[in-house]
Each structure stands twice: as C-alpha cells, then as structure tokens.
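**Student:** Take this structure, written in structure tokens, and hold onto it; I'll ask about it next.
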Amino acid sequence: MKRIVVFASGSGSNFETIVQKLHGKVCEVALLVCDKPGAYCLERAEKLGIATLQVSLKDFASKADYELAIIKHLQKVEPELIVLAGYMKLIGEVLLAEYEGKIINIHPALLPAFPGADGIGDALRYGVRVMGVTVHYVDAGVDTGRIIDQDSFKRADGETEQQSKEKIHAIEHDLYPRVIEQLLK
Ligand code: GRF
C-alpha cells in the first residue's frame, strides 16, 4: 500500500479526516510531522495510532538543517505524497529539492485570491460572497503552486463568519481526501 505523510502545526482536523477516510483503505498514513510542541494534532495522532515526529525549528542552526532532519525520517517511509494540512511554515528549498511535485497543500480560499496565513479572515474582511477551498502543489512561493482542485459556496444572506468558517472546514474535509485518493491512483 502506498504511504503518505501529513505535516500539521495546529488542530489537525484535516489530518484526522484523512486518517479516517483513507488510512488502511487507500493508503497508509505513515507519519504525522508536527513543528509545534503540544499541538492538538499530536493528540489526535496518538488516539488514531499514527506515528509522529515532533521537530522544532529553533532546535536547529538553520531551516536547511531542520528540513534535513525531517528528510532523514521521510526516507525511511518513502512517501508517495507529502500532504500539508495546516502546516504553518513555508516549505524550504531543501525539502522542495527532494520532493517537488509530491508536496500538496490545502488553502481555505479560492486561490489566487487571498493567499497567506489568514485566507478565511482576509476573504471575509474583503466582503466576498463566494468562498472556497483550493488544493494545490507546493512550490517555493506562498500558495502559488499549480492548482489541483477547488470547491466553493455562496454565502447566504446573514451568514455569520463562524458559519462560513464551518462551511469551509466541511468542504476541506470532503475535498482533501478525495484529491489525495485521486492523486494516488
Ligand atoms: C485549514 O483551514 C487549512 O486550509 C489551512 O489550515 C487549516 C488547518 O485546519 N491550511 P486543521 O488543523 O486541519 O483543523
């Protein structure tokens, strides 16, 4: 069975959905890489029985050294895909050189609109009526890689920010596992 690795920094709801929908059926989720000590995604991984690697950039002399340490673990897994799911660091040149074309990300806005760390907040502040989600390949830019798939919805009259955020996450949890399954075929 093909193996994938998920990178996350925070809650990990996408990670959990990917594990529930795909692990042991479509692929093996071989490892969760997390750059934030104490992040909730680590707890989820423990409950789900998925191996974790917790690495902190501050423990390394450079981003290159940090990424080389991650690569050492990835080489044991030989992942078909590296799936970023709320990983809040830019992928650096060391990881890109090793895995370009195999790293994908999910972004909570309709790229190329609203790239960056707060896509949902930026879209809401702009006042958009149509919101959505993008899955794309990762390149050296911020959310600039080739788009693989997108999904969208129109905000209802009177819809609160919280309701829009919930819709975004529901779309993510549907779209991301489907795209991963498709790419692994
Ligand atoms: C998602 O909204 C994703 O689009 C963005 O980060 C968030 C991660 O959420 N890149 P979670 O940690 O999977 O709940």
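The values are calculated or read from the model by the stated rules, or taken from the named source; none is laboratory data. A quick note: this is a predicted structure, and the numbers were derived from the prediction, not measured. Ideal geometry is used to build each Cβ from the backbone, glycine not excepted, and the neighbour counts take in all protein chains shown. To get the accessible areas, we keep the full protein, side chains included, count just its heavy atoms, and leave off ligands, DNA and RNA. Shrake-Rupley method; radii C 1.70, N 1.55, O 1.52, S 1.80 Å.
**Student:** Could you look through the range 99-110, keep only residues that are in a loop (DSSP other than H, G, I, E, B), more than 11 Å from the ligand (Cβ to nearest atom) and free of Cβ contacts under 8 Å to residues at least 40 places away in the same chain, and pick out the one that is nearest to ILE4 (Cα to Cα)?
**Tutor:** LYS102
**Student:** Those residues that are within 26 Å of GLU16 (Cβ to Cβ) and assigned to a loop (DSSP other than H, G, I, E, B), I need them from the range 84-98; list them, please.
**Tutor:** Of everything in the range 84-98, those that are within 26 Å of GLU16 (Cβ to Cβ) and assigned to a loop (DSSP other than H, G, I, E, B) turn out to be ALA85, GLY86, TYR87, MET88, LYS89, LEU90, ILE91.
**Student:** More than 14 Å from the ligand (Cβ to nearest atom), more than 21 Å from ARG178 (Cα to Cα) and either open to solvent by 20 Å² or more (accessible area, probe 1.4 Å) or in contact (Cβ under 8 Å) with a residue 12 or more places away in the chain (or both), is that true of GLY116?
**Tutor:** no
**Student:** In addition: Which of the residues that make up the range 11-25 are out of contact with any strand residue (DSSP E or B) (no Cβ under 9 Å at 6 or more places or on another chain), on the phi < 0 side of the Ramachandran plot and either more than 10 Å from the ligand (Cβ to nearest atom) or not hydroxyl-bearing (Ser, Thr, Tyr) (or both)?
**Tutor:** Correct list: GLU16, GLN20, LYS21, LYS25.
**Student:** State whether the residues of the range 74-81 include one that is touching an Asp or Glu at 6+ places or on another chain (Cβ under 9 Å), open to solvent by 10 Å² or more (accessible area, probe 1.4 Å) and within 14 Å of the ligand (Cβ to nearest atom).
**Tutor:** So far as the range 74-81 goes, no, none of its residues is touching an Asp or Glu at 6+ places or on another chain (Cβ under 9 Å), open to solvent by 10 Å² or more (accessible area, probe 1.4 Å) and within 14 Å of the ligand (Cβ to nearest atom).
**Student:** Hey, does the range 28-48 have a residue that's touching a residue at least 40 places away in the same chain (Cβ under 8 Å), at positive phi and either open to solvent by 60 Å² or more (accessible area, probe 1.4 Å) or not in a loop (DSSP other than H, G, I, E, B) (or both)?
**Tutor:** no
**Student:** Using beta carbons and a limit of 8 Å, which pairs, at least six apart or on different chains, have the first residue in the range 165-185 and farther than 16 Å from ILE104 by Cα and the second one open to solvent by less than 10 Å² (accessible area, probe 1.4 Å)?
**Tutor:** Listed by first residue and then by second, the contacts come to LYS167/MET131; ILE168/MET131; ILE168/GLY132; ILE168/VAL133; ILE171/GLY132; ILE171/VAL133.
**Student:** All but one of (1) free of Cβ contacts under 8 Å to residues at least 24 places away in the same chain; (2) crowded, with 16+ Cβ neighbours inside 10 Å; (3) assigned to a helix (DSSP H, G or I) hold for GLY121; which doesn't?
**Tutor:** (2) is the only condition that GLY121 fails.
**Student:** For residues in the range 83-98 being more than 13 Å from the ligand (Cβ to nearest atom) and touching a residue at least 12 places away in the same chain (Cβ under 8 Å), which is most open to solvent (accessible area, probe 1.4 Å)?
**Tutor:** GLU93
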